[in-house]
1. From the square roots a ≥ b ≥ c of the eigenvalues of the alpha-carbon gyration tensor of chain A, which class results: rounded (a/c under 1.5), prolate (a/b over b/c), or oblate?
2. In what sequence do A:76, B:109 fall when counting other Cβ within 10 Å, fewest first?
3. With θ set to phi - 60° and the Karplus curve 6.51 cos²θ - 1.76 cosθ + 1.60, what are the ³J(HN,Hα) couplings of segment A:70-81 in order, to the nearest whole Hz, using x for Gly and Pro?
4. Work from the charge dipole of chain B (Cβ charges, +1 for Lys and Arg, -1 for Asp and Glu, about the Cα centre) and give the residue of B:109, B:84, B:63 farthest towards its positive end.
5. Sort B:86, B:24 so that the residue with the fewest other Cβ atoms within 10 Å of its own Cβ comes first and the one with the most comes last.
6. Just add up the charged neighbours of residue A:41: K/R +1, D/E -1, any other residue whose Cβ is under 11 Å from the Cβ of residue A:41.
7. Please report, in debye to the nearest 20, how large the charge dipole of segment B:29-112 is about its Cα centre when each Lys and Arg carries +1 at its beta carbon and each Asp and Glu carries -1 there.
8. With a ≥ b ≥ c taken as the square roots of the eigenvalues of the C-alpha gyration tensor of segment A:12-52, please select rounded if a/c is under 1.5 and otherwise prolate if a/b is larger than b/c or oblate if it is not?
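What follows draws every value from the coordinates through simple rules; no lab data is involved. As the structure is a prediction and not an experimental result, all values here were calculated from the model. Neighbour counts run over all protein chains shown; Cβ positions are idealised from the backbone, glycine included.
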Amino acid sequence: DAGVIQSPRHEVTEMGQEVTLRCKPISGHNSLFWYRQTMMRGLELLIYFNNNVPIDDSGMPEDRFSAKMPNASFSTLKIQPSEPRDSAVYFCASSSNRGRNEQFFGPGTRLTVL
Amino acid sequence: GQNIDQPTEMTATEGAIVQINCTYQTSGFNGLFWYQQHAGEAPTFLSYNVLDGLEEKGRFSSFLSRSKGYSYLLLKELQMKDSASYLCAVRDHNTNAGKSTFGDGTTLTVKP
């Protein structure tokens with residue numbers, strides 16, 4: 001398996017623009033997580049899905065952030081409009097509901113909002 | 001909810017042993033994970049404890065005491081490549097989707 005795939009790997013955009021981050025989880029995994037990581041705040045859980053259904057979105061900072069999982073193999077995280085304080089590394093992770101439930105992380109998207 | 005504490009930074013010498021501690025307070029408990037994260041990379045799974053005791057995997061071991069809300073990660077025969085951030089993560093029993101709460105991580109620097 002190729003592991004969790006994220007795109008783009010790097011994104012530089014201007015304040016006010018829409019940003020869409022994409023994630024393909026490991027095939028067969030039931031859960032998908034979106035995280036944001038910064039030096040100041042560490043690794044923050046934004047939202048997670050189980051069997052394509054959003055379970056907990058309490059970590060989503062505000063209405064500018066939205067996430068979807070239309071099927072078991074694809075999820076998006078959208079920021080509209082983007083702001084400089086959204087600059088961070090965004091990780092997608094997936095896990096199986098069986099066994100240890102350890103999470104497998106994608107390589108991340110480094111977002112810079114100017 | 002979860003509250004997880006671990007030291008911010010640690011320094012050790014190549015070839016030595018280092019112990020990274022993690023304490024947690026939780027309304028429920030269903031497992032503790034350790035992840036390793038090298039600078040500029042994604043976290044990767046290291047170990048998992050759900051019962052009290054020591055789990056050994058090569059140079060790395062992880063210990064858990066549920067009654068004390070305490071875990072540690074033990075790294076033996078340190079190598080320069082072990083310089084990384086080590087994240088403690090706790091899963092509460094109320095989730096069936098593998099959700100874990102992560103600590104802020106301990107940055108370990110291994111010096112020659």
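1. prolate
2. B:109, A:76
3. x, 7, 5, 10, 7, 9, 10, 10, 10, 10, 8, x
4. B:63
5. The most exposed by this proxy come first: B:24, B:86.
6. Here the charged neighbours net out to 0.
7. It works out to roughly 40 debye.
8. oblate
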